[in-house]
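Asks: First, the structure itself, so that you have it in front of you.
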Amino acid sequence: MIDVSRLTATQIRDGIADRLFTAREVAEAALGRIEALDGQVHAFNQVTAELAYAAAERIDDAVASDVVLPPLAGVPVALKDNMNLLGTRTTCSSRILENYESAYDCTAVRRLLDAGALPVGKCNMDEFAFGSSTENSAFGPTHNPWDLERVPGGSSGGSAAAVSAGMATISLGSDTGGSIRQPGSLTGTVALKPTYGRVSRYGCVAFASSLDQIGPFAKTVGECALALNAISGKDPMDATSVDRPAEDFTATLAEGIAGLRVGVVTDLLEAEGCEGAVRDSVHAAAETFAALGAEVGEVELPSTAHGLSAYYIIGPAEASSNLARFDGIRYGHRVGDADDVLDLYMRSRAEGFGPETIRRVMLGTYALSAGYYDAYYGQAQKARTLIKRDFESAFERFDVLLTPTSPTVAFKIGERASDPLAMYLSDIYTIPVNLAGNCAVSLPSGLCPSSGLPIGLQIIGTHFAESTVLRAAAAFETALGFDPTPPLVREIQ
Amino acid sequence: MSISEEQVRHVALLARLKLTDEEVARLGEDLNSILGHIDTIRQLDLADVPPTAHALDVVNETRADEVRPCLSREEALANGPEVAEGAFVIPRIVGGGDAS
């Protein structure tokens, strides 16, 4: 059997086109890997073998009739379980949606499949994307393929683990405050949060609508660029998606970074709680950028000190409003013995939502309630302006900014579960990017010398600067030569 | 600023969440701990700063007001917890009493 985890998306597509193997064999290999490892990893809530084989058959038919294959033909992809796909459940890892059958397709998913990809399954996540560890899933935690006793990060932890363990070549996650980049960092994968508006969110269950963005995970920068090619662009079904000329994000990846202005964000790097090995890794990365011909300097983003506070007002406030739709009437869990409609709402929601979801809905409802709106939500929106201005002035001097993605490497399952604040601090470097609407990629910058776990570097660009961010990431990736294969996978190869 | 148990119960009603007494007590502690951390934002002098609701300068995105395909009634009802005669079944909201 072919080992799909050793092939890039383009190698898979070209191998099928050149008749070295069939799309069906690729699907079998990916599903075989899931069968072999997902009992330990639990990256998936649902495996969609029938859909994968049906998509593979269409690709193999195209090969037989000499049709030119699309760019992601035969590439196994995994989808975060907050994205609708006909023929699958979309649970958001919540009891309240445990039996919810997708009624239509998410645009980003549809575009990925139209590019020829094979959907192998729906991935575990923190319930409704509330979390940084994938422990807040109603269906149990996902385990990090680098160390099964550790979390893969979150909230898109299942999508990250699926790629890391070679169960999918590309996966989709969603990122509201770091939910793509932080799990990317903790699993040694490449993870991209596109600019707000770059990718349609239609069909992705909303968390915080002014922050949410869909993006890809892959083992390489080039594959993330290919995935972005497929999923980006205006969608009439999402009014926040932006109409821009089509770009090929792979076109400039190999151009190098001579003269690129790279700013190391020193105040974030010195922040309390950042592990020494993480800080060292970013400094080493900055030296690599300089050696590659970039002009490396230093910059501060002082207003990002208010990022966590602003985020934990704006995020829950918008979430409390978005989650009002889960009322036990049109879909989802419903108590069977309600006294009246208020009792039906209150008990269906309390039974269906997990503890962190209830915490965020309560926090958001409080922040929006009479007498507190100006003190919290109003202030948070103003702080958001300051953060946005900090980035704008930094991008006058620099093309891209460097920070760690996560202040720590992957932590143990259970370690932060009882302390919401400690968990929230996982995202101090990623949150400001969402508040300002910028794009950013996380990619491995090496392994922690003491734990052997991956460390992630965050490269931030201004609005719609994905090509620049990805070019910087590709140059660094080539210079570093990181092997993204986790020990779990090396054992079976 | 600290949240009282009574406020937690009020917010839970607004949020349509039936909480047990233990949950009210625990959420009170959690919310006070989180609000304690983010409270600095209330102290900032931001009187002259405009709010940002949306990171991009996109305004008034509209579409043509045309009839387009949408979910069929059967598709829309397919996930309904209780469905009858082409509609969602809910407990009585108005009326009731002797007339029911």
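Asks: If the Cβ limit is 7 Å and pairs must be 6+ apart or interchain, which residue in segment A:115-142 that is free of Cβ contacts under 8 Å to residues at least 40 places away in the same chain and crowded, with 24+ Cβ neighbours inside 10 Å pairs with which residue that is in a strand (DSSP E or B) and among the hydrophobic types (A, V, I, L, M, F, W, C)?
Replies: The qualifying pairs do not exist here.
Asks: In segment A:238-264, which residues are on the phi < 0 side of the Ramachandran plot, at pLDDT 95 or above, surrounded by fewer than 15 Cβ atoms within 10 Å (Cβ to Cβ) and out of contact with any Leu (no Cβ under 8 Å at 6 or more places or on another chain)?
Replies: Answer for segment A:238-264, where residues must be on the phi < 0 side of the Ramachandran plot, at pLDDT 95 or above, surrounded by fewer than 15 Cβ atoms within 10 Å (Cβ to Cβ) and out of contact with any Leu (no Cβ under 8 Å at 6 or more places or on another chain): A:Asp248, A:Ala251, A:Ala254, A:Glu255.
Yes or no, residue by residue, for (1) closer than 30 Å to A:Arg349 by Cα; (2) modelled with pLDDT of 95 or more; (3) of a type in the set (A, V, I, L, M); (4) in contact with a strand residue (DSSP E or B) (Cβ under 8 Å, 6 or more places away or on another chain):
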site	(1), (2), (3), (4)
B:Arg26	yes, yes, no, no
B:Ala55	no, no, yes, no
B:Arg63	no, no, no, no
B:Ser72	yes, yes, no, no
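Asks: Give the number of residues within segment A:291-307 that are surrounded by 14 or more Cβ atoms within 10 Å (Cβ to Cβ) and not in a strand (DSSP E or B).
Replies: The qualifying residues number 9.
Asks: Tally the residues that are closer than 16 Å to A:Ser5 by Cβ and crowded, with 22+ Cβ neighbours inside 10 Å, restricting the search to segment A:19-28.
Replies: 2
Asks: Please find, among A:Ala479, A:Ala436, A:Ala472, the residue that is within 14 Å of chain B (Cβ to nearest Cβ) and of a type in the set (Gly, Ala, Ser).
Replies: The match here is A:Ala436.
Asks: Go through segment A:279-329 and count every residue that is in contact with a Phe, Trp or Tyr (Cβ under 8 Å, 6 or more places away or on another chain) and hydroxyl-bearing (Ser, Thr, Tyr). Let's see the steps before the verdict.
Replies: Looking only at segment A:279-329, we keep the residues that are in contact with a Phe, Trp or Tyr (Cβ under 8 Å, 6 or more places away or on another chain), and these are A:285, A:288-289, A:292, A:296-297, A:299, A:301, A:308, A:312-315, A:317-319, A:322-323, A:326-329.
Narrowing the set further to residues that are hydroxyl-bearing (Ser, Thr, Tyr) leaves A:288, A:312.
Total satisfying the criteria: 2.
Asks: Which one of A:Gly332, A:Gly276 is touching a Phe, Trp or Tyr at 6+ places or on another chain (Cβ under 6 Å) and either surrounded by 20 or more Cβ atoms within 10 Å (Cβ to Cβ) or at pLDDT 95 or above (or both)?
Replies: A:Gly332
Asks: Whether any residue in segment B:34-44 is facing chain A (nearest Cβ under 9 Å), touching a residue at least 12 places away in the same chain (Cβ under 8 Å), out of contact with any helix residue (DSSP H, G or I) (no Cβ under 7 Å at 6 or more places or on another chain) and not in a helix (DSSP H, G or I) is what I want to check.
Replies: Among the residues of segment B:34-44, at least one is facing chain A (nearest Cβ under 9 Å), touching a residue at least 12 places away in the same chain (Cβ under 8 Å), out of contact with any helix residue (DSSP H, G or I) (no Cβ under 7 Å at 6 or more places or on another chain) and not in a helix (DSSP H, G or I), which makes the answer yes.
Asks: Which residue pairs have Cβ atoms under 6 Å apart, sit 6 or more places apart or on different chains, and have a first residue in segment A:208-232 that is within 14 Å of chain B (Cβ to nearest Cβ) and farther than 16 Å from A:Thr169 by Cα and a second that is among the hydroxyl-bearing types (Ser, Thr, Tyr) and in a loop (DSSP other than H, G, I, E, B)?
Replies: A:Ala208/A:Thr176; A:Leu211/A:Thr176; A:Asp212/A:Thr176; A:Gln213/A:Tyr196
Asks: I'd like the full set of residues that are surrounded by fewer than 21 Cβ atoms within 10 Å (Cβ to Cβ) and more than 7 Å from chain B (Cβ to nearest Cβ), limited to segment A:357-376.
Replies: A:Leu368, A:Ala370, A:Gly371, A:Tyr372, A:Tyr373, A:Asp374
Asks: Starting from segment B:15-26, take each residue that is within 9 Å of another protein chain (Cβ to nearest Cβ) and surrounded by 14 or more Cβ atoms within 10 Å (Cβ to Cβ) and list its partners that are of a type in the set (Lys, Arg) and part of a helix (DSSP H, G or I), counting only C-beta distances under 6 angstrom and pairs at least six apart or across chains.
Replies: The qualifying pairs are B:Arg16/A:Arg349; B:Leu17/A:Arg349; B:Lys18/A:Arg347.
The values are calculated or read from the model by the stated rules, or taken from the named source; none is laboratory data. Nothing here was measured: the structure is a model prediction, and the numbers come from that model. Quick reminder, even Gly has a Cβ in these numbers, built from the backbone with ideal geometry, and neighbours come from all protein chains shown.
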